[in-house]
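Bear in mind these aren't lab numbers, they're just calculated from the coordinates by the rules spelled out. Because the structure is a prediction, the values reported are computed rather than measured. So basically every Cβ, Gly included, is an ideal-geometry build from the backbone, and we count neighbours across all protein chains shown.
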Amino acid sequence: MGWNRKVLRVNLSAGTCVPEPLNMAWANDYLGSRGLASKYLVEETDPKVDPLSPDNKMIMATGPLTGTMASTGGRYTVVTKGALTNAIACSNSGGYFGAEMKFAGWDMIIFEGKSPKPVYLYLENDQAELRDAGHLWGKTCWETEETIKASHQDPLIRVSSIGSAGENAVLFACIVNDLHRAAGRSGVGAVMGSKNLKAVAIRGTQGVSGIKDFPAFMAATTAAKKVLADNAVTGQGLPKYGTQVLMNVINEMGALPTRNHRDVQFEEAGKISAEAMHEKRPTDGKAHLVTNAACFGCTIACGRISKIDETHFSVKNSPKYWGANGGLEYEAAWALGAANGVGDLEALQYANLLCNEHGMDPISFGATVGAAMELYDLGILTKEQIGLDAQFGSAEALCKLVEMTAHGEGFGKELGQGSARMCAKYGRPELSMSVKSQEFPAYDSRGIQGIGLAYATSNRGACHLRGYTVASEVLGIPVKTDPLATDGKPELVKAFQDATGVFDSAGICVFTSFAWTLADVQPQLQAACEGDWSMDKLNEVGERIWNMERQYNLAAGMTARDDDLPPRLKTEPAKTGPAKGLVNGIDKMKPEYYKVRGWDAAGVPEKATLERLGL
Amino acid sequence: MRVTVKLYATLSDYLPSASKNNRVELVAAEGACVQEVLQQFAMPAKLTHLVLVNGVFIPPEARPTTPLQEGDVLAVWPPIAGG
């Protein structure tokens, strides 16, 4: 049946943990994980709720394939109203935590209210209890995981926790599990911190049972794994070079946002690329990259494990950072690097480690630093205000600012509010490179037009993982489209958005979609789950999830004006590269997108659309 | 004419050993097409997946007929992806 059919409801105000049956009617309509948890959030909370108030809820959810033999079936999601965005948030993480939740017998944990004091949830199979976390408050995510494992005398406990960023309401705080995997975006860690919930620790020993048709499931998952293994991207490219291989690609294409999107090509991109991570350093003769790594059940293994240069100024007096550790992935390398004009690979890894250690989204952090550096460059922010020279390209400034933000010191408090609030405070809101207050990922939409529409219309704020049209516009997956053209992009964006909703809700990694289509996922779901999981059904579920999220955001007060890009991308043409002279065509694409979606000119779903989707 | 060839990821193995930063400058015959220049590196065809000239994608069917010009930058990757 795929699902455990069991939800744990944790009322932090009352200190209770109560099991309840999973709403199977909703599971039939929304599948699991992102879709199903979002349905619970929509039904149980006021969309206008203050994200950091006790009335907001936070849901950790698995999908029907989480914890199973399906490749990459280790994903879980955190669904809530985002602290950074004031929009619906669904942040997805790999590692091993999600599978452990399934092994403990649960599909979902709903957190409501606010604990009067710091606590953590300990979940061992059916046993659930809230425990005092006074001794953990103030500890890093890494210390928290280690302390919990030691106190329970069990190294196999899986932990998701917040660091100082989540405790101090850094609006892009994330929730870190397994040391360097994270539910990273939209500020879900700030919501967790607002509830005085330090961590969730799970030990599950029950495995996954109840697969509807086990022989068919084994056949389907085996066939699908062969597709991944035989595909040159998922079988060879991603394991060898990871996502970081895109650094040079996107730079060559003139779509690498540089110095807060002032430029679209970074002259030092090669120094922070996947290829650079393979090169031996002159200081110690070792390559930055140690090995690749996989999350639970993953047969791709795109993760990077690296070892920082012990002689680098950032860590030469801090041996705790000298071991092999997670990173750099492409998004972090871009946000901490090109976005600020910093071409020092070791500095980027140091900043990345601190983001993991203290629980911050490196995309939003790095991009916010980029905005601060532009304000500094313009003379709007001074050395006295920031506390240091914050010129573009300064690795020293980057390393100091990540420490200040993680610890809530000085100007770090302002950085912790994200670029939209910071730029507005200093009278230049247009310099925040964000949508719905969430910072852009690593693609400039003047050079890749479709991703601009995907950013603008993403239900969780600017995000590449809500509709990764880069796959088509750059990589030719599943078909090559012209990155500089706007024609056909509304249809492309919708197709990617709806399909991604299914991948996310199934409990698998969206990176499988470099080789799989929904036709590869469908037999796995059909064999695992009761009911009809035909292709038509899956397409409908993906579209239903998107429209449900949209309805939530509209009820929260958002309008078509929130589906827009910053003026820079619409009025300042790219200076170099293939897109030289181009701006993003969002104003042309957006009305077409609304029509393709079955929404009116104001971006509101038409009655017929809602009825067709059962909303 | 002089052109710059950049070979990335696993294709860097096909660059001359003295190459740095994944690139080599070379002199090609006037009007040489993309495919002719690529053939000099003896790379398996299935590995020359993403081919850009000055950042613009050249589809496989156009590589035999797309001429290079003085100063062009030809960049090539095997099948890769990211996110």
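For this structure, a couple of remarks:
- Subset of A:LYS57/A:LYS114; A:LYS271/B:LYS20; A:LYS271/A:LYS580; A:LYS271/A:LYS307; A:LYS494/A:LYS588 violating a 18 Å alpha-carbon distance limit: A:LYS271/A:LYS580
- Sequence-distant contacts, meaning Cα pairs under 8 Å at least 6 residues apart, place the relative contact order of the range B:2-77 at 46 percent.
- Per residue, the protein assembly as shown reaches -9500 deg cm²/dmol at 222 nm when only DSSP H runs of four or more residues are counted, each adding -39500 (n - 2.57).
- Beta bridges per DSSP, both residues in chain A: antiparallel share near 80 percent.
- Taking the DSSP beta bridges with both ends in the range B:2-77, the antiparallel portion is around 75 percent.
- Between the range A:522-581 and the range A:124-190, the alpha-carbon centres lie 30 Å apart.
- Inter-label distance, nm, simple model (7 Å from Cα along the C-beta direction), A:ASN11/A:ASN292: 4.9 nm
- Remark: the range A:301-307, residue by residue, has Karplus-estimated 3J(HN,Hα) of 6, 7, x, 9, 10, 10, 10 Hz, where x stands for each Gly or Pro and the curve is 6.51 cos²θ - 1.76 cosθ + 1.60 at θ = phi - 60°.
- Amide H contacts of A:ARG9 (H built 1.01 Å from N, under 5 Å, at least 5 apart or other chain): A:VAL18, A:GLU20, A:ILE110
- Charged side chains reduced to their Cβ positions (Lys and Arg at +1, Asp and Glu at -1) give the protein assembly as shown a dipole of some 360 debye around its Cα centre.
- 16 Å Cα-Cα reach of A:LYS425 towards lysines, excluding residues that sit fewer than 8 places from it in its own chain: A:LYS413
- When the GluC sites (Glu not before Pro) in chain B are filtered for DSSP coil states and for at most 12 other beta-carbon atoms within 10 Å of their beta-carbon, the remaining sites are B:GLU30, B:GLU70.
- Within straight-line cross-link reach of A:LYS575, aspartates and glutamates at Cα separation under 14 Å, skipping those fewer than 8 residues along the same chain: A:GLU252, A:ASP263, A:GLU267, A:ASP444
- Euclidean distance of C-alpha centroids, the range A:412-475 and the range A:336-350, integer Å: 19 Å
- Among A:SER432, A:SER194, B:SER19, the order by Cβ neighbours within 10 angstrom, fewest to most, reads B:SER19, A:SER194, A:SER432.
- Hydrodynamic radius of the range A:68-149 per Kirkwood, over alpha carbon pairs, in Å: 14.8 Å
- Vicinal HN-Hα couplings computed from phi for the range A:536-547 (Karplus, 6.51 cos²θ - 1.76 cosθ + 1.60; Hz; Gly/Pro x): 4, 5, 5, 4, 5, 4, x, 5, 5, 4, 4, 5
- What the Cα convex hull of the range A:417-458 gives, in volume per residue, is 65 Å³.
- Per residue, the Cα convex hull of the protein assembly as shown amounts to 142 Å³.
- Loop-located trypsin sites (Lys or Arg not before Pro) across the range A:46-100 with a Cβ neighbour count of 13 or fewer within 10 Å are A:LYS48, with loop assigned by DSSP.
- Computed over the alpha-carbon pairs of the range A:185-278, the distance histogram in 10 Å steps reads 12, 19, 20, 30, 16, 2 percent, short to long.
- Per-residue Cβ neighbour rank within 10 angstrom, fewest leading, A:MET218, A:MET192, A:MET422: A:MET218, A:MET422, A:MET192
- Listed by Cβ neighbour count within 10 Å, with the fewest neighbours leading, A:VAL191, A:VAL290, B:VAL5 appear as A:VAL290, B:VAL5, A:VAL191.
- Summed side-chain charge close to A:GLY113 - residues other than A:GLY113 whose Cβ falls under 10 Å, Lys, Arg +1, Asp, Glu -1: +1
- Pairs exceeding a 23 Å alpha-carbon distance, out of A:LYS117/A:LYS139; A:LYS570/B:LYS6; A:LYS6/A:LYS39; A:LYS570/A:LYS607: A:LYS570/B:LYS6; A:LYS570/A:LYS607.
- Backbone HN-Hα couplings from phi across the range A:410-415 [Karplus 6.51/-1.76/1.60, Hz, Gly and Pro as x]: x, 5, x, 5, 6, 4
- Average projection, convex hull of the Cα set of the range B:2-77: 4.5 square nanometres.
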